[in-house]
Amino acid sequence: KGSLFEVLIPRADNPPTPATEVSLPASLQDALAGAFVLVADDDVRNREATVELLRYWGCLVIAAADAATALLEVQQHLRPPDAMLTDFRLGAGVDGLQLIEQVREAVGTSLPALLITAETQLPRAVDGNTKVLQKPVGPAKVLRILAELLGRRT
């Protein structure tokens, strides 16, 4: 009339390092410190984790669940973001590539962008100021690529 299972897992003496404790070279840490970053992701857990990670590394962050909110957030600030990080699938008919184009048009610059996607093929090519990372991707790689993009900005 049913099954009963028991799973025994040994407790670790040293808990795993939290994702926020990612080690970066000083030059990349300097690129992140004080950077103003727009984060767009329709998955609330991913968005909140990314915001927390970036704030831990000294970034000023604005976040949005969709393209319309992201554009509104950008327009409400006194200065444009230094970079943006977006998921490809944002829902509501606008994808991450379109959002990158819209934000760049709104701020009048080709700000650096990091697009994170599970797609194996994007519908159009990206420019040299946009990097693409395939999911799954860990926090160290996200921080490293974003810091490199920020370090190259003019």
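Listing for the model above:
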quantity: Flag for residue 86 being modelled with pLDDT of 95 or more, of a type in the set (S, T, N, Q) and closer than 30 Å to residue 25 by Cβ; calculated: yes
quantity: Failed item in (1) surrounded by fewer than 16 Cβ atoms within 10 Å (Cβ to Cβ); (2) of a type outside the set (D, E, K, R); (3) on the phi < 0 side of the Ramachandran plot, with residue 145 passing the rest; calculated: (1)
quantity: Test: residue in the stretch 21-30 that is touching a Cys at 6+ places or on another chain (Cβ under 9 Å) and either modelled with pLDDT under 95 or within 23 Å of residue 98 (Cβ to Cβ) (or both); calculated: no
quantity: Test for residue 125: is it more than 14 Å from residue 37 (Cβ to Cβ) and in contact with a strand residue (DSSP E or B) (Cβ under 9 Å, 6 or more places away or on another chain); calculated: no
quantity: Single unsatisfied condition, residue 96 versus (1) of a type outside the set (Asp, Glu); (2) open to solvent by 20 Å² or more (accessible area, probe 1.4 Å); (3) under 17 Å from residue 43 (Cβ atoms); (4) at pLDDT below 95; calculated: (2)
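Per-residue answers, yes or no, for (1) buried (at least 18 other Cβ atoms within 10 Å of the Cβ); (2) among the hydrophobic types (A, V, I, L, M, F, W, C); (3) closer than 24 Å to residue 44 by Cβ:
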site	(1), (2), (3)
90	yes, yes, yes
101	no, no, no
104	yes, no, no
115	yes, yes, yes
120	no, no, no
124	no, no, no
135	no, no, yes
149	yes, yes, no
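The values are calculated or read from the model by the stated rules, or taken from the named source; none is laboratory data. All figures in this text were calculated on a predicted structure; none of them were measured in a lab. Don't worry about glycine lacking a Cβ; one is built from the backbone with ideal geometry, like all the others, and counts go over all protein chains shown. Areas reflect the complete protein model, heavy atoms only, side chains present, ligands, DNA and RNA absent. Shrake-Rupley method; radii C 1.70, N 1.55, O 1.52, S 1.80 Å.
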